[in-house]
Amino acid sequence: MTQRQIAPALVPAFAPDGTLRASINLGNPILAQRGSAGGDPVGVSVDLAYAFGERLGVPVELVVFEKAAASVEAVKAEKADIGFFAVDPARSEGLLFTAPYVLIEGSYLVRDSSASAGNGEVDVKGTRISVGSGSAYDLFLTRAIEHAEIVRLAGAPAALAALREGEVEVAAGIRQLLEGEARRAPGVRVLPGRFMVIQQAMGIPAARGTAAQEVLASFVEEMKASGFVADALERHGIEGALVAPAAPLPV
């Protein structure tokens with residue numbers, strides 16, 4: 001596939017100081033994980049960051065966070081130049097998104113003793129649902145849940161621990177992460193199906209402008225169509241994520 005050239009005049013919109021600062025969220029293991037022996041993070045978002053830096057002709061600096069909310073705020077505040085986020089209306093102010101490059105399922109984890117057999121049985125009075133504060137599923141459930149109580153905690157590990165310790169009846173999160181927790185130790189199970197599809201996209205500070213957004217959107221579509229995203233998921237051993245379908249590009 002022929003690479004789309006980036007006009008030199010637009011490079012400063014992404015790397016005003018000559019380096020592309022990429023905000024990387026380690027809270028989502030489908031996108032990025034810690035490197036071995038204390039090395040740089042690895043994952044599809046890291047691969048995309050380096051590929052885009054190469055396209056711009058500038059070096060890449062990884063700005064690493066443990067939680068999605070902190071990663072989002074870094075880009076909004078222009079402490080990073082690009083980021084990898086779940087698309088959500090609550091994040092629209094201060095950010096410009098591409099179409100998604102990866103789709104991930106959001107699911108529920110319950111204790112084995114729970115009477116819940118499906119997602120439709122979760123939103124009832126008296127049920128407490130733990131979530132990582134500021135995560136995509138926190139934002140979604142804040143709008144969707146009508147009867148249950150949402151308990152917001154500092155990241156996915158705390159949300160999972162709250163379920164095992166009996167502080168909540170349900171933990172919400174990325175399906176792959178919940179399945180890993182169920183395999184790690186007996187006592188919990190993942191409810192079948194999903195309550196949402198998380199659309200993971202790239203984003204830039206809104207101040208960088210729509211011309212930069214269109215360039216980044218074109219890059220994402222190219223990376224999907226060329227097989228780059230699919231290859232990255234396979235290379236990093238990621239299951240439970242799908243390459244997002246093609247999206248129309250601006251004319």
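Taking ILE129 as the residue in question, decide whether it is surrounded by fewer than 23 Cβ atoms within 10 Å (Cβ to Cβ) and at pLDDT 95 or above.
On the way: surrounded by fewer than 23 Cβ atoms within 10 Å (Cβ to Cβ): no; at pLDDT 95 or above: yes.
Criteria not met by ILE129.
Just wondering, is there one or more residues in the range 146-159 that are surrounded by 23 or more Cβ atoms within 10 Å (Cβ to Cβ) and in contact (Cβ under 8 Å) with a residue 40 or more places away in the chain? Yes - at least one qualifying residue is present in the range 146-159.
Do we have GLU54 as modelled with pLDDT of 85 or more, assigned to a strand (DSSP E or B) and either surrounded by fewer than 16 Cβ atoms within 10 Å (Cβ to Cβ) or not small (Gly, Ala, Ser) (or both) here? I'd like the intermediate steps shown before the answer.
Details: modelled with pLDDT of 85 or more: yes; assigned to a strand (DSSP E or B): no; either surrounded by fewer than 16 Cβ atoms within 10 Å (Cβ to Cβ) or not small (Gly, Ala, Ser) (or both): yes.
Considered against the rule, which asks whether it is modelled with pLDDT of 85 or more, assigned to a strand (DSSP E or B) and either surrounded by fewer than 16 Cβ atoms within 10 Å (Cβ to Cβ) or not small (Gly, Ala, Ser) (or both), GLU54 comes out as no.
If you go through the range 139-154 one residue at a time, do you hit one that is in a loop (DSSP other than H, G, I, E, B) and at positive phi? Lay out the reasoning, then the answer.
Keep residues of the range 139-154 that are in a loop (DSSP other than H, G, I, E, B), which gives 145-148, 154.
Then drop every residue that is not at positive phi, which leaves none.
No - not one qualifying residue is present in the range 139-154.
Restrict the check to the range 86-97 and report whether at least one residue is part of a helix (DSSP H, G or I), of a type outside the set (Gly, Ala, Ser) and within 21 Å of VAL131 (Cβ to Cβ).
Restricting attention to the range 86-97, the residues satisfying the condition of being part of a helix (DSSP H, G or I) are 89-91.
From the residues that got through so far, the ones that are of a type outside the set (Gly, Ala, Ser) too are 89, 91.
If we keep only those that are within 21 Å of VAL131 (Cβ to Cβ) too, we end up with 89, 91.
Checking the range 86-97: at least one residue is part of a helix (DSSP H, G or I), of a type outside the set (Gly, Ala, Ser) and within 21 Å of VAL131 (Cβ to Cβ).
Of all the residues in the range 206-247, those that are part of a helix (DSSP H, G or I) and closer than 23 Å to LYS79 by Cβ number 12. Residues that are surrounded by 12 or more Cβ atoms within 10 Å (Cβ to Cβ) and more than 21 Å from ARG194 (Cβ to Cβ) within the range 235-246 comprise ARG235, HIS236, listed in sequence order. Only one entry of GLY227, GLY203 meets the criterion of being loosely packed, with under 14 Cβ neighbours inside 10 Å, at pLDDT 95 or above and in the same structural domain as ARG55 (by TED's automatic domain parsing), and that entry is GLY227.
Given the structure, is VAL75 part of a helix (DSSP H, G or I), touching a residue at least 60 places away in the same chain (Cβ under 8 Å) and either within 16 Å of MET196 (Cα to Cα) or not aromatic (Phe, Trp, Tyr) (or both)?
Values: part of a helix (DSSP H, G or I): yes; touching a residue at least 60 places away in the same chain (Cβ under 8 Å): yes; either within 16 Å of MET196 (Cα to Cα) or not aromatic (Phe, Trp, Tyr) (or both): yes.
Criteria met by VAL75.
Restricting LEU177, LEU216, LEU249, LEU160 to residues that are among the aliphatic types (A, V, I, L, M), modelled with pLDDT of 95 or more and either in contact with a Phe, Trp or Tyr (Cβ under 7 Å, 6 or more places away or on another chain) or outside the structural domain of ALA68 (by TED's automatic domain parsing) (or both) narrows the list to LEU160. Is the range 15-36 home to any residue that is closer than 20 Å to VAL220 by Cβ, in the same structural domain as ALA230 (by TED's automatic domain parsing), part of a helix (DSSP H, G or I) and out of contact with any Lys or Arg (no Cβ under 6 Å at 6 or more places or on another chain)? No: the range 15-36 contains no residue that is closer than 20 Å to VAL220 by Cβ, in the same structural domain as ALA230 (by TED's automatic domain parsing), part of a helix (DSSP H, G or I) and out of contact with any Lys or Arg (no Cβ under 6 Å at 6 or more places or on another chain). Do the conditions hold for ALA185, that is, is it over 30 Å from PRO16 (Cα atoms) and surrounded by fewer than 21 Cβ atoms within 10 Å (Cβ to Cβ)? So ALA185 passes the test. Note on the range 206-221: residues that are surrounded by 18 or more Cβ atoms within 10 Å (Cβ to Cβ) and charged (D, E, K, R) amount to 2.
The values are calculated or read from the model by the stated rules, or taken from the named source; none is laboratory data. Note that the structure is a prediction, hence the values are computed from the model and not measured. In this analysis, Cβ positions are derived from the backbone assuming ideal geometry, glycine residues included, and neighbour counts consider all displayed protein chains.
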